[in-house]
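Down below is the structure, laid out as structure tokens.
The values are calculated or read from the model by the stated rules, or taken from the named source; none is laboratory data. Quick caveat: nothing in here was measured; it's all calculated off a predicted structure. Here the Cβ positions follow ideal geometry from the backbone for every residue, glycine too, while neighbour counts run over all protein chains shown.
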Amino acid sequence: MKRPMAVVFDVVETLFSLESLRPRLRSAGLADHHLETWFAAFLRDAFALEISGEYRSFRDIASANLSVLLEKELGHAERQAVDHVLDGFAELEPHSDVAPAMAALQDAGIRIATLTNGSAKVTSILLERAGVRHLVEQVISIDEIGHWKPHGAVYGFCTEKLGLQPDEVALVAAHPWDIQGASQSGLTTGYVARDGAPFPSVMKTPDVQARSLTELIDRITVSG
């Protein structure tokens, strides 16, 4: 494994937990388990739209899916309730290992960026709240290219913005599908197993795996 010149982080779940959305869903009348149901359905539809050649933003798809879920479970979907839940994406809490992992990269002289399926504006807010925005060189969003990860064009766009070759960049994510897309595009990959689940055998094996970002970054920075 080649020591990267830049590490690019996925954002939602990789850096920031979705847990703070659970009470917002409860206030809308949904149960705790609906967080996972909603997010999985949201990603399913995002990927389906990507495959069929239509681009819609993170908030558009998340809003539509949440409205469907509310209609199904409660018989109605109030706009105010939907907006209250979605506004929570700007207030997600960082995982405890985010700041030390980014500090370790800075100490090692490795550039840092983020690559998100969400908006650059919300991501910047999250990074500011976590106290790490000053460490992140670029906040890159799929809105700039009009494709969803794991489409290969997104990773190519990212490396071009950094002015690097794919094999000079490492993508770190908690989503196997993100690792698959980055690997197929020639990037080094690091998988952080946030839920402790093993990596799916049908996808490209990540170059590095760990249960925390600090452990993962330690392995990346000492690589050859």
Under the condition of being charged (D, E, K, R) and buried (at least 16 other Cβ atoms within 10 Å of the Cβ), which residue from the range 151-180 is nearest to ARG219 (Cα to Cα)?
-> GLU168
Select, from GLY181, GLY156, GLY196, GLY186, the only residue that is in the same structural domain as ALA104 (by TED's automatic domain parsing), at pLDDT below 95 and not in a strand (DSSP E or B).
-> GLY196
Reported set for the range 74-94 where residues are under 20 Å from the mean Cα position of the chain (by Cα) and surrounded by fewer than 20 Cβ atoms within 10 Å (Cβ to Cβ) is LEU86, ASP87, GLY88, ALA90, GLU91, GLU93, PRO94
Would you confirm whether any residue within the range 18-27 is farther than 26 Å from SER212 by Cβ and without any contact (Cβ under 8 Å) to a residue 40 or more places away in the chain?
-> yes
Conditions: (1) under 17 Å from the mean Cα position of the chain (by Cα); (2) buried (at least 16 other Cβ atoms within 10 Å of the Cβ); (3) not basic (Lys, Arg). LEU66 meets all but one. Number of the miss?
-> (1)
Among GLU36, GLU54, GLU71, GLU50, the single one that is modelled with pLDDT of 95 or more, surrounded by 17 or more Cβ atoms within 10 Å (Cβ to Cβ) and not assigned by TED's automatic domain parsing to the domain that holds ILE179 is GLU50
Starting from the range 40-52, take each residue that is within 14 Å of PRO150 (Cα to Cα) and list its partners that are at pLDDT 95 or above and charged (D, E, K, R), counting only C-beta distances under 6 angstrom and pairs at least six apart or across chains.
-> LEU49/ARG56
Scan of the range 159-178 for residues that are in a strand (DSSP E or B) and within 24 Å of ALA40 (Cβ to Cβ), ordered by number = LEU171, VAL172, ALA173
Within the set of pairs 6+ apart or on separate chains, which have a first residue in the range 133-154 that is within 16 Å of SER52 (Cα to Cα), a second that is part of a strand (DSSP E or B), and C-beta atoms under 9 Å apart?
-> LYS149/LEU115; LYS149/THR116; LYS149/ALA173
Filter result (of a type in the set (A, V, I, L, M, F, W, C) and either in contact with a strand residue (DSSP E or B) (Cβ under 6 Å, 6 or more places away or on another chain) or within 17 Å of VAL154 (Cβ to Cβ) (or both)) within the range 35-86 = LEU43, ALA46, PHE47, ALA48, LEU49, ILE51, PHE58, ILE61
